[in-house]
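Let me begin by presenting the structure, written as structure tokens, before commenting on it.
The values are calculated or read from the model by the stated rules, or taken from the named source; none is laboratory data. Quick caveat, the model's predicted, so the values are computed rather than measured. Note that each Cβ is placed from the backbone with ideal geometry, even for glycine, and that neighbours are counted across all protein chains shown.
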Amino acid sequence: MTKPRDYFTGKQEEFKRSEVQIAPYNPRKISPQQKATLKRSIRKYGVVGGITVNKQTMTIVGGNQKVTIVDEIMGYPEKDYTLLAEAVNMDYKTEVELNFMLNSENAHGEWDDMKVRELLPDINYMDAGLTEEDLSLFGYDAMVKTEGEDELGKELNSLLDPFAQESENRKVQAPKEVQEEQRRQIEQNQIIANQQQEAQYQANKERMQQVKKEVNTKAAEKALEAESYVMLSFDNIENKERFMSTFGFIETDKVIKGEMLMKVAKRI
């Protein structure tokens, strides 16, 4: 009888980077924009999701793009470093099949659009690896939220700055004969400042709520506009590039206008 742990065939091990090689056959390519997104993720979160090394060939089966970026960050090959990876032991044919499996989009799930739209207002879409094109496909322009709330934050800091300055000024020692009067004046000013700060906080809180309402309204409008999209999927990158080239589009583009495609198709 198969036990649950039997499915966990890999084991975490440390390898010197110079001991392992990038898979020379790796069928996956990465664009400069995708590479920049992955590098941003690694700098923020570290190497998450794992790297897999086949000990029979000392080849990186999964995580080749991640290792390439870590190489740049660590200064490899001038500086060697230790790589933490999941070690497997298999022949070359099985290794290649596993590499394809780890890269296959057929083994990945797809987005739940409704859940994505619920979560987008509360996250930084760039830290989540999304692009503005992705936001449009999900029917959400997150820039409305981020720019609006960033502006509110700047305004709030500007409003509170006088109180911070007053607090700093209190550190200056006054002559003894005026300390008591100064203390009473500071206490009175503090009461007024607290009242003003509370009023400003409430005003900004109400404004923030209004901004979020506007964002939700915008998201709902975008959701309706999202119905104007259709997504094409190809079995491999070569077929996608052939399609783009046939219709005169840039091969690396991910979004094209349907109206433009219709015009080109009519001329063919």
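Does SER18 qualify as being small (Gly, Ala, Ser) and closer than 24 Å to GLY129 by Cα? Break it down into steps so the answer makes sense when it comes.
On the way: small (Gly, Ala, Ser): yes; closer than 24 Å to GLY129 by Cα: no.
Answer is no for this residue.
Close contacts from the range 8-31, counting a first residue that is free of Cβ contacts under 8 Å to residues at least 40 places away in the same chain and a second that is among the hydroxyl-bearing types (Ser, Thr, Tyr) and surrounded by 10 or more Cβ atoms within 10 Å (Cβ to Cβ), with Cβ to Cβ under 7 Å and a gap of 6+ residues or different chains, come to GLN21/THR59.
Residues are listed down the side, and each one gets a yes or a no for (1) within 24 Å of THR252 (Cβ to Cβ); (2) at pLDDT 95 or above:
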{"site": "PRO27", "(1), (2)": "yes, no"}
{"site": "GLY46", "(1), (2)": "no, no"}
{"site": "THR52", "(1), (2)": "no, yes"}
{"site": "MET58", "(1), (2)": "no, yes"}
{"site": "VAL61", "(1), (2)": "no, yes"}
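For every residue, the table says whether it meets (1) farther than 22 Å from LYS35 by Cα; (2) assigned to a helix (DSSP H, G or I); (3) free of Cβ contacts under 8 Å to residues at least 60 places away in the same chain.
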| position | (1), (2), (3) |
| --- | --- |
| ILE60 | no, no, yes |
| GLU86 | yes, no, no |
| MET90 | yes, no, yes |
| TRP111 | no, no, yes |
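Looking at VAL67, VAL96, just one residue is assigned by the TED database to the domain that holds ILE30, part of a helix (DSSP H, G or I) and within 24 Å of PRO32 (Cβ to Cβ), and that residue is VAL67. Scanning the range 11-31 for residues that are hydrophobic (A, V, I, L, M, F, W, C) and assigned to a strand (DSSP E or B) yields a count of 2. Within the range 243-260, being part of a helix (DSSP H, G or I) and of a type in the set (D, E, K, R) holds for one residue alone: GLU259.
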